[in-house]
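Peer 1: The structure follows.
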Amino acid sequence: MDKIIIEGGVPLKGTIEISGAKNAALPIIAATLLTEEKCVIKNVPALRDVFTMLKILRSLGVKAQMDGDRVTVEPKKYKRYIADYKFVSTMRASICVLGPLLAKMKQAKVSMPGGCVIGQRPVDLHLKGLRALGANIKIEHGYIVASAKKLRGKNIFLGGAYGSSVLATSNVLMSAVLAQGRTLIENAACEPEIIDLANFLIKMGAKIKGQGTPIVEIEGVKRLNGATYSVIPDRIETGTHILAAAITGGELSIKKARIDHLSALIDKLTQIGVKIKYSNNTIYVKGKASALKSMDITTLPYPGFPTDMQAQMMALSTVSDGISVLTEKIFPDRFMHVSELNRMGANIFLEGASAIVKGSKRLSGAPVMASDLRASAALILAGLVAKGKTEISRIYHLDRGYEKIEEKLMKVGAKIKRVKE
Ligand code: UD1
């Protein structure tokens, strides 16, 4: 297993280029199952989760390959409809083949995803939406077994205890495009990745309106064609590099980025003293040599503050002035990074779904363990500013979501390396 070793304290300077969005690429690749024609998806990040999605497609009998940042899928007349536990257990997002398989094959058997370290991950909204379209769904031997003679458009309210759901919206959207008649998804997720998926489906011939708003209208069509499409930049990777500049008091130009997908983050950072400008798809970030101000963050569905940036923002708050409060409203147990940050000298305690952080002047490097994808990124940020050496183990989580992160950081001056354990 690989480890990342960081010698902290270097302000980062230079240019970083952002990769395509993992969370947009995964459902878009799954959506190719809706056609029999060839699809080409560009700007796809070379990440473990993407490779897993391609393996699922191949396991269904679909020709799927990746060359650089380009994925080519040739579904032809694939016959299989089972997404095995061995894939779903390593990547929860595998569930987004459920909607397309059901719509195209009229049956799907997808392993139930388990919980994960960031908390409970129920699938009730996925099932509610697909049942409303006419699917018959049972849970059998750990699998979601779905079938339908015909899918019919319906008005579906897709809200749960924690608001909208990104992948449930994706699944229902991908089924409704081939259903008979009109579907209205109310309380749909508004994330940019949903807009990207809808735009890809539209290129395939789907009729969709309202993507990016809580009400999405779909008029079903009989068939979809192949399409070529380029995925949006990864907003969470972008946000993480913005914080790398902010936490080290450095100065970075972040290219191929979309600032309009990061308003909640940019607003908070500007309030606490980070200087940010934007032109021609490049974000310019300038940190401060002295400590930033404290912050008050609550994660919410888009366009609120993203839960996928909470851990990284907490790393920044540990070296900010005064007391910060970070509240999780999407995954209330998503705080595995707290104890590791505390091992590095942070002063954080948990109160329900809130973390109270007393800013300290400096963190000190330590051996730490990554628990999940975004927690790994938070530990890297902490390591970049900590005094001395930080050794992060279990970084396989990182390879699920950040393309070449240590290479990108090394190019802008970070003393970071990957070693085999
Ligand atoms: C997606 C993202 C993930 C991000 C999350 C929230 C992908 C591949 N992953 O995950 O990185 O952290 O959105 O922005 O895009 N819920 C239910 N019932 C359901 C489904 C979800 O109650 O059937 C709850 C969840 O437990 C959570 C909330 O809804 O509290 C939001 O989760 P959801 O948007 O579904 O997350 P994912 O789509 O799995």
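Peer 1: Which residue, of Ile276, Ile297, Ile266, is more than 15 Å from the chain's Cα centre (by Cα), within 24 Å of Glu17 (Cβ to Cβ) and not in a helix (DSSP H, G or I)?
Peer 2: Ile276
Peer 1: On to the next question. Filter the stretch 34-53 down to residues that are open to solvent by less than 10 Å² (accessible area, probe 1.4 Å), out of contact with any Leu (no Cβ under 6 Å at 6 or more places or on another chain) and away from the ligand (no atom under 15 Å from the Cβ), then give me how many there are.
Peer 2: Qualifying residue count, the stretch 34-53: 2.
Peer 1: Filter the stretch 98-109 down to residues that are within 16 Å of Gly142 (Cβ to Cβ) and either within 13 Å of the ligand (Cβ to nearest atom) or part of a helix (DSSP H, G or I) (or both), then give me how many there are.
Peer 2: 1
Peer 1: Shifting gears a bit: Do you know which of the residues in the stretch 344-384 that are in contact (Cβ under 8 Å) with a residue 60 or more places away in the chain, more than 18 Å from Gln310 (Cα to Cα) and open to solvent by 10 Å² or more (accessible area, probe 1.4 Å) is nearest to the ligand (Cβ to nearest atom)?
Peer 2: The extreme case among them is Gly365.
Peer 1: Can you go through Ala103, Ala93, Ala148 and tell me which one is among the small types (Gly, Ala, Ser), more than 21 Å from the chain's Cα centre (by Cα) and under 25 Å from Phe51 (Cα atoms)?
Peer 2: Details: Ala93 fails: more than 21 Å from the chain's Cα centre (by Cα); Ala148 fails: under 25 Å from Phe51 (Cα atoms).
Criteria check complete, one pass: Ala103.
Peer 1: Inside the stretch 397-421, can you point out the residues that are modelled with pLDDT under 95 and open to solvent by 90 Å² or more (accessible area, probe 1.4 Å)?
Peer 2: Lys404, Lys420, Glu421 - these are the residues of the stretch 397-421 that are modelled with pLDDT under 95 and open to solvent by 90 Å² or more (accessible area, probe 1.4 Å).
Peer 1: Scan the stretch 110-124 and give yes if some residue there is in contact with a helix residue (DSSP H, G or I) (Cβ under 6 Å, 6 or more places away or on another chain), small (Gly, Ala, Ser) and either within 22 Å of Ala25 (Cα to Cα) or within 14 Å of the ligand (Cβ to nearest atom) (or both), otherwise no.
Peer 2: Yes, because at least one residue in the stretch 110-124 is in contact with a helix residue (DSSP H, G or I) (Cβ under 6 Å, 6 or more places away or on another chain), small (Gly, Ala, Ser) and either within 22 Å of Ala25 (Cα to Cα) or within 14 Å of the ligand (Cβ to nearest atom) (or both).
Peer 1: Give the residue that is farthest from Ser147 (Cα to Cα), with candidates limited to residues of the stretch 176-194 that are in a helix (DSSP H, G or I) and within 16 Å of the ligand (Cβ to nearest atom).
Peer 2: Only one residue tops the list, namely Pro192.
Peer 1: Which of the residues spanning the stretch 57-97 are within 15 Å of the ligand (Cβ to nearest atom) and either part of a strand (DSSP E or B) or under 25 Å from Ala176 (Cβ atoms) (or both)?
Peer 2: Those that are within 15 Å of the ligand (Cβ to nearest atom) and either part of a strand (DSSP E or B) or under 25 Å from Ala176 (Cβ atoms) (or both): Ala83, Phe87, Val88, Met91, Arg92, Ala93, Ser94, Ile95, Cys96, Val97.
Peer 1: In the stretch 15-31, what count of residues is obtained for those that are away from the ligand (no atom under 16 Å from the Cβ) and open to solvent by less than 30 Å² (accessible area, probe 1.4 Å)? If you could, list the steps in order and put the result at the bottom.
Peer 2: First pass over the stretch 15-31, keeping only residues away from the ligand (no atom under 16 Å from the Cβ): 15-18.
Still in the running and open to solvent by less than 30 Å² (accessible area, probe 1.4 Å): 16, 18.
Final tally of qualifying residues: 2.
Peer 1: Here is a follow-up. Condition (residue is away from the ligand (no atom under 16 Å from the Cβ), open to solvent by 10 Å² or more (accessible area, probe 1.4 Å) and in contact with a Ser or Thr (Cβ under 8 Å, 6 or more places away or on another chain)) applied to the stretch 326-338: is it met by at least one residue?
Peer 2: no
Peer 1: Could you list, in sequence order, the residues of the stretch 87-125 that are free of Cβ contacts under 8 Å to residues at least 12 places away in the same chain and open to solvent by less than 10 Å² (accessible area, probe 1.4 Å)?
Peer 2: Within the stretch 87-125, no residue meets the criteria.
Peer 1: For residues that are of a type in the set (Val, Ile, Thr) and touching a helix residue (DSSP H, G or I) at 6+ places or on another chain (Cβ under 6 Å), scanning just the stretch 243-296, find the one that is nearest to Met314 (Cα to Cα).
Peer 2: In this case the residue turns out to be Ile247.
Peer 1: Same structure again: Of all the residues that make up the stretch 239-263, how many are part of a helix (DSSP H, G or I), farther than 16 Å from Ala21 by Cα, in contact with a Pro (Cβ under 8 Å, 6 or more places away or on another chain) and open to solvent by less than 30 Å² (accessible area, probe 1.4 Å)?
Peer 2: The qualifying residues number 1.
The values are calculated or read from the model by the stated rules, or taken from the named source; none is laboratory data. Keep in mind it's a predicted model, so treat the numbers as computed, not measured. Virtual Cβ from ideal backbone geometry, glycine too; neighbours counted across all protein chains shown. Side chains are part of the model used for accessible areas, which takes the heavy atoms of the whole protein and leaves out ligands, DNA and RNA. Shrake-Rupley method; radii C 1.70, N 1.55, O 1.52, S 1.80 Å.
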